[in-house]
Amino acid sequence: MKVLLTGGSGFLGRHVLAALARHGIETVAVGRRKPEGASAFIEADLLAAADFAEIMRHAGATHLLHLAWYAEHGKYWTSPLNLRWVDATTRLVEAFCAAGGQKVVIAGTCAEYDWSHGVCLEDTTPLEPTTLYGAAKDSARRLAMAVCRQHGVPCAWGRVFLPFGPGESVQRLIPSLIEVFGGQRAPFGVNADACRDFLHASDVAEAFVTLLRADKGAGEGAVNIASGAPVKLADLVVMLAQMMGGDASIVLDLPGGRPGEPPLLAGDNTKLKALGWEMRTALHEGLQGMIDEARS
């Protein structure tokens with residue numbers, strides 16, 4: 001197996017690159033800048049590339065793991081760049097399949113689902129994205145899978161729920177709360193009664209490796225990448241406060257949440273576990289690692 005990896009410089013990409021190395025999987029990263037830890041690299045702007053075929057000839061990869069997408073916090077939900085990534089993803093997959101690629105694995109998102117259903121199952125929960133980001137990802141999935149079917153190439157679409165861990169944007173929920181209890185940010189309110197499905201980035205990375213290595217006929221189509229163990233945000237706040245010697249009430253006593261937020265958002269991970277994947281980093285352990293990183 002030789003993997004062509006996009007998005008290796010991103011939050012999840014760094015963890016995926018490390019997981020591929022742990023498993024001894026030869027990897028070629030492609031992107032605008034060389035990811036830290038990448039031994040082989042092709043410099044290319046995927047949104048501007050006119051000839052993906054040349055990238056494929058240079059890479060000589062058997063497997064494609066496509067993570068790259070626009071992900072700037074607070075902006076990616078509505079950015080028109082989502083539309084450009086649909087096009088780039090489709091052309092990338094077409095070029096890979098045309099070059100004789102053997103398997104495609106792509107990062108999707110829980111934002112493709114109708115969140116009113118709470119616990120999301122791949123084959124039964126309706127796909128009703130309410131954002132441009134979710135709609136673009138769902139469109140990219142449909143197109144990429146159609147291309148793969150046409151070429152007879154298996155394709156897995158990993159719908160990632162709420163990843164957290166080292167390297168995460170400080171504007172996201174958990175790093176922001178760590179800054180609050182570390183005295184570096186003013187307290188803010190959260191939707192305390194809401195339950196969310198958090199999964200450590202290292203476990204997300206192992207899930208993508210599991211999809212890459214799955215036997216033909218297994219691990220294809222949409223597969224949730226989730227803990228399957230949602231936690232109430234109030235409990236998350238209390239846990240972080242206790243771990244950092246802080247007072248949870250400075251957050252929990254404030255109003256929080258946004259209109260339309262679902263009370264429960266979680267992924268059923270039965271499909272993923274059936275492939276041999278298991279969650280290795282408990283929430284408490286992952287939070288401690290992030291606290292240690294913030295204090296270092």
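Bear in mind that the values in this text are calculations on the coordinates, not laboratory data. Keep in mind that what you see is a predicted model, and the values were worked out from it rather than measured. Quick reminder, even Gly has a Cβ in these numbers, built from the backbone with ideal geometry, and neighbours come from all protein chains shown.
Using 1/(1 + (r/R0)^6) with R0 = 22 angstrom and r between the beta carbons of residue 296 and residue 232, what's the FRET efficiency to the nearest 0.05? That gives a FRET efficiency of 0.15. Taking 0.36 nm per residue of separation and subtracting the Cα-Cα distance, full extension of the segment from residue 83 to residue 54 would add 8.1 nm. Near the amide H of residue 200, within less than 5 Å, lie the amide hydrogens of 164, all on another chain or at least 5 residues away, with H placed in the peptide plane. Unpaired Cys in the chain, meaning no second Cys C-beta under 4.7 Å: 97, 110, 120, 195.
If you put +1 on each Lys and Arg Cβ and -1 on each Asp and Glu Cβ, how big is the dipole of the stretch 208-296 around its Cα centre, in Debye rounded to 20? Walk me through the numbers before you get to the answer.
Numbers: 8 positive and 11 negative charges, 66 e Å.
In debye, rounded to 20, the stretch 208-296 gives about 320.
Rounded, prolate or oblate, given the Cα gyration tensor of the stretch 99-249, with a/c below 1.5 counting as rounded?
Numbers: a/c = 2.62, a/b = 2.10, b/c = 1.25.
Prolate shape, in that a/c is at least 1.5 and a/b is the bigger ratio.
Mind giving me the FRET efficiency for residue 121 and residue 39? R0 is 41 Å, r the Cβ-Cβ distance, nearest 0.05 is fine.
With a Förster radius of 41 Å, E is 0.60.
In the stretch 177-296, the alpha-carbon atoms span a convex hull of 109 Å³ per residue.
Express in % the proportion of alpha carbon pairs of the stretch 91-152 at distances exceeding 18 Å. Value for the stretch 91-152 (Cα pairs over 18 Å): 42 percent. Once the chain from residue 270 to residue 73 is taken as fully extended at 0.36 nm per residue, the excess over their C-alpha distance is 68.0 nm.
Length gained on full extension, residue 247 to residue 47: 67.4 nm, using 0.36 nm per residue less the C-alpha separation. For the stretch 174-224, the spread of Cα coordinates along the three principal axes comes to 51, 22, 10 Å, biggest extent given first.
Each part reduced to its alpha carbon centroid, the stretch 155-224 and the stretch 252-293 end up 7 Å apart.
Between the amide H of residue 108 and those of 158, 159, 160, distances stay under 5 Å, these residues lying 5 or more places away or on another chain, with hydrogens modeled in the peptide plane.
Semi-axes of the equivalent ellipsoid of the chain: what are they in whole Å, largest first, if each equals the square root of 5 times a C-alpha gyration tensor eigenvalue?
Details: eigenvalues 217, 83, 64 Å².
Over the Cα atoms of the chain, the ellipsoid semi-axes are 33, 20, 18 Å.
The alpha-carbon atoms of the stretch 1-143, seen along their principal axes, cover 43, 33, 29 angstrom, with the largest extent given first. With the biggest extent put first, the Cα atoms of the stretch 235-288 measure 42, 31, 10 Å across the principal axes.
Rounded to the nearest 20 debye, the dipole magnitude of the stretch 23-111 is 120 debye, with +1 charges on Lys and Arg beta carbons, -1 on Asp and Glu beta carbons, and the Cα centre as origin.
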